[in-house]
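Asks: Got a structure here, written out as structure tokens. Questions coming.
Only the coordinates and a few stated rules stand behind these numbers; no lab work does. What you see is a predicted model; the values in this text were computed from it and never measured. In this analysis, Cβ positions are derived from the backbone assuming ideal geometry, glycine residues included, and neighbour counts consider all displayed protein chains.
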Amino acid sequence: MSEWLNVGKIVNTHGIKGEVRVITRSDFADERYKAGSELYLFHPQKAEPVQLTVRSHRKHKQFDLIAFEGYPNINDVGPLRDGVLKVKKDELEELPEGEFYYYEIIGCDVYDQQGHEIGKVKEILSPGANDVWVVQSKEDKKEFLIPYIEQVVKEVDPENKRIVIEPMEGLLE
């Protein structure tokens, strides 16, 4: 049985030429949505996932606009709304060293270099030049924003769900 990874959610149609608005929940959006890519639509009204092939992709405001082959106009894509786009985990490409998929990082325990537990990675934000990991402490549920940069993140071990950081001054306040 395939394991699936969430790529994004179709929240609306866009224009009349068969584009849909997607809120992306994936790393490497340009790669996921490049023309010819295969995605699978999981929809509450459908028993089985629907295989879709990307025809075009472009960014618009905070959304990704995607058109699919065989869905040329707004009437064709209307029923796709509220569906979740996924990829098969075993179809992901190997990443270069030092790069990770979001699913590998979320859920990891974060420690400082002295071995003190800081918390667990709850989500990943992509505001700009580098990702920011939202780490929630176990005790008081306080959240820390950890930039994924060399000066801070010293060790990432997704297999053991363990990350070691060297907090910059003020980072954990």
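Asks: Round to a whole angstrom and tell me the spacing of the C-alpha centers of segment 118-142 and segment 1-69.
Replies: Here the answer is 26 Å between Cα centres.
Asks: Quick one: among 39, 95, 85, which has the greatest mean-square fluctuation in a GNM of the chain with alpha-carbon springs under 10 angstrom?
Replies: The residue that fluctuates most here is 95.
Asks: Let me check against my output: what whole-number percent is the relative contact order of the chain, with C-alpha pairs under 8 Å and at least 6 apart?
Replies: Relative contact order here is 18 percent.
Asks: Also, I was wondering about something else. Could you work out how much longer the chain between residue 81 and residue 16 gets when fully extended? Use 0.36 nm per residue separation minus the Cα distance between them, nm to one decimal.
Replies: 22.0 nm
Asks: Once you keep just the Cα pairs under 8 angstrom separated by 6 or more residues, what percentage relative contact order results for segment 102-165?
Replies: 31 percent
Asks: Continuing with this model, one more query. Using bins 5 angstrom wide from zero, how does P(r) for the chain break down, in % of all Cα pairs?
Replies: Taking all Cα pairs of the chain, the binned fractions are 1, 8, 15, 18, 15, 12, 11, 9, 6, 3, 1, 0 percent.
Asks: So, in nm, how far is label residue 155 from label residue 51 when the simple model puts each one 7 Å beyond its Cα toward the Cβ?
Replies: 4.3 nm
Asks: Using a Förster distance of 25 angstrom, determine the FRET efficiency expected from the C-beta separation of residue 6 and residue 112, and round it to 0.05.
Replies: With R0 = 25 Å, the Cβ-Cβ based efficiency is 0.25.
Asks: Then there is this: Mind checking which lysines have their C-alpha under 25 Å from residue 154, skipping anything on the same chain fewer than 8 residues away?
Replies: 120, 122, 138, 141, 142
Asks: Let me ask another. Only helical DSSP H runs with n ≥ 4 go in: add -39500 (n - 2.57) per run for the chain, normalise by residue count and round the 222 nm mean residue ellipticity to 500 deg cm²/dmol.
Replies: Roughly -1000 deg cm²/dmol at 222 nm, from the helical runs in the chain.
Asks: Turning to a different aspect of this structure: Go from 0 up to the bin containing the longest alpha carbon distance in segment 75-173, width 5 Å each, and give me the % of pairs per bin.
Replies: Over segment 75-173, the share of Cα pairs per 5 Å bin runs 2, 11, 20, 22, 15, 10, 7, 5, 3, 2, 1, 0 percent.
Asks: For segment 1-60, what relative contact order do you get, as a whole percent, if you take Cα pairs closer than 8 Å and at least 6 residues apart?
Replies: Reported as a whole number, the value is 24 percent.
Asks: Can you tell me how segment 4-91 classifies by the Cα gyration tensor, rounded, prolate or oblate, using a/c under 1.5 as the rounded cut?
Replies: rounded
Asks: To continue, here is another question. Taking neighbour counts of Cβ atoms within 10 Å as a proxy for exposure, in what order, fewest first, do 66, 149 appear?
Replies: So the ranking, lowest neighbour count to highest, is 149, 66.
Asks: Give the peptides 86-94, 73-81 in descending order of average Cβ contacts within 10 Å, highest first.
Replies: Answer by packing, highest mean first, reads 73-81, 86-94.
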